[in-house]
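We did not get these values from a lab; they are worked out from the coordinates using the rules stated. Predicted model only: the values in this text are computed from it and were never measured. Positions of Cβ are backbone-derived with ideal geometry, glycine not excepted, and every protein chain shown enters the neighbour counts.
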Amino acid sequence: MILTVTLNAALDATWSVDSLRPRTSHRVDDAQERAGGKGINVARVLGVLGHDPVATGLVGGSTGRRILDELHGARIRSEFVEVAGESRRTLAVVSRDDGDATVFNGRGPSVTEAEWQLFHRRYAALAAAARVVVLSGSAPPGLPADAYARLVDTAAVAGALTVLDTSGPDLLRALEARPDVVKPNAEEIAAATGQSDPVRAAAALRSLG
């Protein structure tokens, strides 16, 4: 089983306009919503490829319930832990005249220590049945600074391989736990290492764990 983890799940809205112009009103011709966050997107692609992944993470409030409903409709198995705060929303405004997208990302709910511990127990049980754990995306406010490192450790103890796709301090702290694969993009790896050359940046990142 492949387990995907989305600590900061979102309800992603995409609006299409003829042309995006600052300081004016726009007519939205097409509006779509679906569950999002990197781990959920990974689970969606895995399903298309014929796998049967399990998606877990944190959701909350009415937005969280809409995320769970959308996952159910997409036939993605979900084992999310509900928190008191409201899950975030994202908005992408796509301009048809040039194809560019302007994206607004919510920060996500503030997670309490008790909610984090509840999730970690659920995650440990799921990781014990997984052969691969994919840890993706940002972390919501309130989580411990080493949250991703703890999740990598837990999966390793369970005997699962780990794939980590995050950025910034979350990425750097998690390297100490030695994930099996890390997947930063060019911008993220440059920011994490200070190296603009991707080969040197990859070597620098590997040297950290």
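Taking R0 as 25 Å, what FRET efficiency do you get between ALA74 and SER25 from their Cβ-Cβ distance, rounded to the nearest 0.05? List each step's numbers first, then the result.
Details: r = 33 Å, r/R0 = 1.33.
Once rounded, the FRET efficiency stands at 0.15.
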Under the Karplus curve 6.51 cos²θ - 1.76 cosθ + 1.60, θ = phi - 60°, whole-Hz ³J(HN,Hα) for region 56-63, x wherever Gly or Pro sits: 9, x, 10, 9, x, x, 5, 5
Dipole moment magnitude, nearest 20 debye, region 28-89 about Cα centre, only Lys, Arg, Asp, Glu C-beta charged: 140 debye
Inter-centroid distance (Cα atoms) of region 16-44 relative to region 151-168, Å: 31 Å
Principal axis dimensions, the chain - Cα atoms, whole angstrom, descending: 53, 42, 36
The chain: calculated mean residue ellipticity at 222 nm from DSSP helix runs of at least 4, using -39500 (n - 2.57): -11000 deg cm²/dmol
Furthest towards positive pole of dipole, PHE80, ALA9, ASN105, structure part the chain, Cβ charges: PHE80
